[in-house]
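Asker: A single structure is presented below for examination.
The values are calculated or read from the model by the stated rules, or taken from the named source; none is laboratory data. Just so you know, these numbers come straight off a predicted model, no measurement behind them. All Cβ positions, glycine included, derive from the backbone under ideal geometry; neighbour counts span all protein chains shown. Just so you know, the surface numbers come from the protein's heavy atoms only, side chains and all, with ligands and any DNA or RNA stripped out. Shrake-Rupley method; radii C 1.70, N 1.55, O 1.52, S 1.80 Å.
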Amino acid sequence: MDFSQLWNGLLWPLLRLLCGLACGLLAANLLEALRWTQGLSRAALPLARAAHLGETAAASFPLAFLSAASSNALLGEACRKGRISRRELMLANLFNSLPAYLLHTPTIFLLTWPVLGRPAITYVGLTLCAAGLRTLLTLGVARCILPPGGDGKAHEDRPEAADGTGDRRGGAAPREPRASRQSARGEGGRWSAACRRAWQRFLRRLPRLVCITVPVYVLMFCLHRWGVFTAAQNWLAAHADWLAFLKPEAMGIIVLHLAAELGAALGAAGSALYSGGLSPQDAVLALLVGNILSTPMRALRHQLPAYAAYYPPRMALELILANQGLRACSLALMAALYWWLAC
């Protein structure tokens with residue numbers, strides 16, 4: 001490889017990944033230091049109560065609408081400190097399937113609409129329904145196996161009054177005439193102290209994030225260069241006799257999707273659709289099947305480096321297996337339902 005290939009194929013994508021992970025970690029630490037996780041948890045309080053999730057897991061749900069990296073960083077930090085159990089972390093991660101997918105829905109729709117047209121609405125709608133189904137299923141499972149309020153060992157420290165005169169039994173301190181001015185000064189000091197704590201925690205976690213993410217990402221890059229993923233794609237394509245319910249023209253879409261390249265698969269789908277080789281229903285089914293079959297390689301190439309930055313290796317692998325396994329099953333259910341109704 002020359003330097004341009006190395007930069008475009010490894011260094012630049014790795015740099016973007018590290019910057020995204022670092023920003024997510026810093027945002028999660030700042031939210032925790034400012035105690036804004038309590039405010040975030042109130043937004044998801046009805047769903048969290050229904051799922052018997054604790055405050056930290058509830059806070060990660062609305063945060064996942066803004067940043068999946070920050071949500072994972074919040075859960076990983078809470079589990080490392082013993083605030084939530086491994087079981088609750090697993091369920092919270094699966095519970096965040098819907099907001100995590102909604103975060104990328106506009107991008108996916110804007111990619112598929114110019115190529116597919118109206119079938120793009122069907123494809124994006126089915127994948128969105130699959131994400132909602134994963135969240136609802138997780139809600140039911142969590143409600144059955146978790147006690148009310150979660151089974152973590154979390155307890156939030158009570159904020160002390162700015163002047164130190166709060167009631168030791170948890171009651172409110174008497175208000176003084178100058179309380180508002182003292183509160184304003186205390187708020188500035190609170191922000192400064194919270195930012196300092198968040199930055200210190202970030203600096204402690206950053207070396208681990210880099211030392212774990214970089215080797216994992218480089219390993220995935222090397223496996224791709226050595227043809228491991230290509231061999232796996234070819235094997236799956238050669239042993240896909242059970243896909244006989246699809247037209248032969250759909251196999252090209254599936255093979256391209258196995259490379260985890262949505263753009264190439266969409267290009268093939270659009271070409272087959274407009275040439276009359278595939279009907280809109282066949283194109284949507286081919287994209288769904290390709291999405292399902294590309295799950296293992298997508299997890300290894302993209303999700304493993306990100307999860308390894310926030311969770312211990314074993315936990316990261318367990319989360320990926322559970323997340324991607326449930327994702328594949330929900331997509332398969334949507335594909336089967338769509339095939340039964342439309343074909």
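Asker: Would you mind telling me the share, in percent, of accessible area of segment 263-343 contributed by carbon and sulfur at probe 1.4 angstrom?
Answerer: 71 percent
Asker: Then there is this: Which percent of the accessible area of segment 62-150 is formed by carbon and sulfur heavy atoms (probe 1.4 angstrom)?
Answerer: Summing carbon and sulfur atoms, their accessible area is 72 percent of the total for segment 62-150.
Asker: Next question, about the same structure. Order these peptides, 57-69, 79-91, 300-312, by their mean beta-carbon neighbour count within 10 angstrom, highest first.
Answerer: Descending packing order for the listed peptides: 57-69, 300-312, 79-91.
Asker: Run the simple label-point estimate for residue 6 and residue 322 please: 7 Å along Cα→C-beta, distance reported in nm.
Answerer: With each label placed 7 Å out from Cα toward Cβ, I get 4.0 nm.
Asker: Compare 210, 124 by solvent-accessible area with a 1.4 Å probe and give them largest first, with all protein chains kept in place.
Answerer: 210, 124
Asker: Residue 23 to residue 191: extension gain in nm, 0.36 nm per residue of separation minus the Cα-Cα distance?
Answerer: 58.6 nm
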